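Read the structure below first, then the notes.
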Amino acid sequence: MNGWHLFKASAALEAAILRANRGFVILTALAAVNFLAMVSLFGLTGAYAPVALIDHDGSAYSKQFIDALNNAHHSFALKFINVEEADAKLSSGRLAGIITIPQGFGAQIDSGATIPIDIQIDNVNVDLTNDMQRALPAAIVSFGKQHGFPGVRVAVVEHDVIDHDTGYIPYLVVSALALDALVIAGILGAMATAREWERKTAKLLRLSPASLRVVLAGKLAVAAAVAAMALAVALLAIVLVYGVVPVAPFTTALALAACVAIFTCLGAWIGALLKRTLAAVPLLFGLAMPLYVDSGALEPTRFDGHAIWIIAHFSPIYYAVGVLEWAFHGLRVTPEPIWVDMMVLLALAVIAAMLTLGSLSKAGRR
């Protein structure tokens with residue numbers, strides 16, 4: 001049997017095995033969409049904390065102050081309820097705080113007096129408490145600046161480096177594609193190799209005169225193709241559900257293809273080393289989050305300190321996030337030029353394929 005026929009036979013066998021395990025494959029593919037939902041929660045959790053607003057004044061000034069509170073970035077979700085309901089909800093943990101505008105608020109402002117604003121905070125954790133403690137003074141300053149009060153001596157003059165703003169959730173879901181590639185391609189690659197030990201066929205492959213390199217190439221090609229289809233589902237969800245459309249579609253496809261190649265090969269090595277799918281799957285899930293967080297997926301890694309930024313360079317996800325954020329949003333999140341990130345990804349894909357089809361297939365003969 002020549003190499004091409006052997007490749008097709010190996011690929012057909014792998015495809016048949018995956019079809020027989022379609023339930024597991026479907027669940028693995030659904031994990032791609034699940035990761036999008038998970039990272040979306042990162043952006044939603046802790047933002048817009050439910051806070052009761054009690055307005056005892058009702059003046060024009062109090063209404064404008066409420067507008068300033070509503071405009072405090074990602075801090076308050078104001079609930080206009082009465083005092084008794086607010087106290088009950090704060091006590092039961094359904095509110096993060098209560099802001100009370102006192103009676104006479106507008107009249108005291110007209111007279112030039114300083115008015116205390118009472119706020120009760122459910123300080124269940126320091127992060128949430130700090131968010132509210134920062135947001136309330138910001139709203140007060142904005143309100144004072146709007147009316148030209150004499151106590152406000154400093155004004156912000158903002159000059160943006162980028163000519164457009166990008167929402168946090170659109171930023172997160174794009175970076176999640178790299179996480180999807182790691183988990184899905186990694187699991188399918190691990191299944192392709194670990195299964196040979198689980199089915200007791202590894203010894204038969206070693207004794208066979210057929211080229212292990214070609215057999216392995218056929219198996220991993222199918223694993224990579226299925227992973228690519230799962231990523232396509234996630235990509236479609238980003239476009240249709242989140243409304244985020246790549247500005248550079250070709251670069252997006254190329255970066256994701258490189259990720260699929262890298263992580264399919266990584267999974268193949270893990271499967272061959274552990275020899276069991278049930279051991280490989282939790283390991284890949286365990287590796288996913290640390291690599292994802294330390295890759296610029298939540299914010300550019302260069303903002304997290306020099307040591308973390310250096311460590312991030314050892315992960316392909318760092319370069320993938322750099323390319324994908326540019327391909328979708330036109331953002332440069334790594335100090336390296338985008339073409340460098342792309343070239344590193346492609347080089348890693350080639351090296352991973354060479355090491356896997358070369359060294360791993362030779363190791364299989366031993």
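Just so it is clear, none of the values below were taken in a lab; they were calculated from the coordinates. Predicted, not measured: the structure shown is a model, and the values here were computed from it. No Cβ is skipped: glycine too gets one built from the backbone with ideal geometry, and neighbour counts run over all protein chains shown.
Just round it to a whole percent: the fraction of Cα-Cα distances in region 211-293 exceeding 14 Å. When all Cα pairs of region 211-293 are counted, 72 percent exceed 14 Å. Using alpha carbons only, what's the Rg to Rh ratio of the chain with Rh from Kirkwood? For the chain, the value is 1.14.
Based on DSSP H assignment, which helices of the chain show an axial Cα extent of at least 30 Å together with a mean Kyte-Doolittle hydropathy greater than or equal to 1.6?
Going by DSSP H runs, the hits are 22-44, 212-240, 249-274.
On alpha carbon coordinates alone, what is the Rg over Rh value for region 66-141, Rh being the Kirkwood radius? Answer for region 66-141: 0.98.
The Rg/Rh ratio of region 235-344, with both radii computed over alpha carbons and Rh defined as the Kirkwood radius, is 1.00.
Extension gain for E198 to H5 (0.36 nm times residue separation, less C-alpha to C-alpha distance): 66.9 nm.
Just to verify a number: FRET efficiency for R276 and A248, C-beta to C-beta distance, R0 = 51 Å, to 0.05? If you can, show how the numbers build up before the last one.
Values: r = 40 Å, r/R0 = 0.79.
Once rounded, the FRET efficiency stands at 0.80.
Note that region 52-184 shows a convex hull volume over its alpha carbon atoms of 162 Å³ per residue.
Each of N21 and R94 was given a label point 7 Å from its Cα along the Cα-to-Cβ line. The distance between the two points is 4.7 nm. Where the alpha-carbon atoms of region 295-335 are placed on the principal axes, they occupy 28, 18, 16 Å, in descending order. Full extension of the chain between E85 and F303 gives 74.3 nm of extra length, using 0.36 nm per residue less the Cα-Cα distance. Label sites at L30 and L355, each approximated as a point 7 angstrom past Cα along Cα to Cβ, lie 3.4 nm apart. Normalised by the number of residues in the chain, the mean separation of alpha-carbon contacts (under 8 Å, six or more apart) gives a relative contact order of 20 percent. Once you place label points 7 Å from the Cα toward the Cβ at A60 and M38, how far apart are they in nm? The two pseudo-label positions are separated by 5.3 nm. For region 1-126, taking the reciprocal of the average inverse distance between every pair of different Cα atoms yields a Kirkwood hydrodynamic radius of 19.3 Å.
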